[in-house]
Amino acid sequence: MERHQPATDRQLLELIRKDDRLAFTELYNRYWDKLFIVAMHRLNDEHEAEEVVQEIFLSLWQRRATIELSHSLNTYLSVAVKYRIINHLDKQFLKKQHVDHLATHAPRELDSTNNWLAEKELRTQLEQTISRLPEKCRIVFLLSREQNKTNAEIAAELNIAEKTVEAHMTKALNTLRQTLNITIPLLLYLLEK
């Protein structure tokens, strides 16, 4: 009875070039464990090691028609697994750097964006509330805040008493504070900008 000799790697590659799936399966079974052990040893993660080995065999199948080996298939696959591991570790490193950057910078950037949006909304409400103040009150308020005039200068310009200017300012600030539901320090901060 004649024993069947297993096909060599070169014979299997020739069959694979002709789209022979059984030859590919035989090659896969021949090298899977070896490549997986190398990948597992370097990556220390079963899922990632499997992924690396799968990528090697997928690449081999996709390039089956054009692949030319200058060394043995064993050497080719050993080098391929090393390169895949290096690429995988490099991607992991870059991903970790990106995640670290987001962890340290994103909350502040997000907070500053949220703060900017909240301040913008508050400014819009402030302008709307100022526009709804009674006319004399609004004029006194705007002369004080936008033109930085003193109560005495406003009183002289509008030909009214300083006490009247103070009363208009008090009314304007109280209306703004109550309408916007904010504290006087925050209101003054918004008015200074």
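The values are calculated or read from the model by the stated rules, or taken from the named source; none is laboratory data. Nothing here was measured: the structure is a model prediction, and the numbers come from that model. All Cβ positions, glycine included, derive from the backbone under ideal geometry; neighbour counts span all protein chains shown. These area figures cover heavy atoms from the full protein model, side chains too; ligands, DNA and RNA do not enter into them. Shrake-Rupley method; radii C 1.70, N 1.55, O 1.52, S 1.80 Å.
Within the set of pairs 6 or more residues apart or between chains, which connect a residue that is open to solvent by 60 Å² or more (accessible area, probe 1.4 Å) inside the range 18-47 to a residue that is basic (Lys, Arg) and not in a helix (DSSP H, G or I) with Cβ atoms less than 8 Å apart?
Asp19/Arg64
If we keep just the residues of the range 158-193 that are at pLDDT 75 or above and charged (D, E, K, R), which is surrounded by the fewest Cβ atoms within 10 Å (Cβ to Cβ)?
Residue satisfying both the conditions and the ranking: Lys163.
Taking the stated definitions as given, is Gln54 over 42 Å from the mean Cα position of the chain (by Cα), in a helix (DSSP H, G or I) and not basic (Lys, Arg)?
Here the answer is no, as Gln54 does not meet what is asked.
Consider Thr66 carefully, then state whether it is open to solvent by 60 Å² or more (accessible area, probe 1.4 Å), farther than 24 Å from Ile85 by Cα and free of Cβ contacts under 8 Å to residues at least 12 places away in the same chain.
When the stated conditions are applied, Thr66 does not pass them.
Select from the range 75-84 the residues that are in contact (Cβ under 8 Å) with a residue 40 or more places away in the chain and open to solvent by 70 Å² or more (accessible area, probe 1.4 Å) and write down the one among them that is nearest to the chain's Cα centre (by Cα).
Arg84
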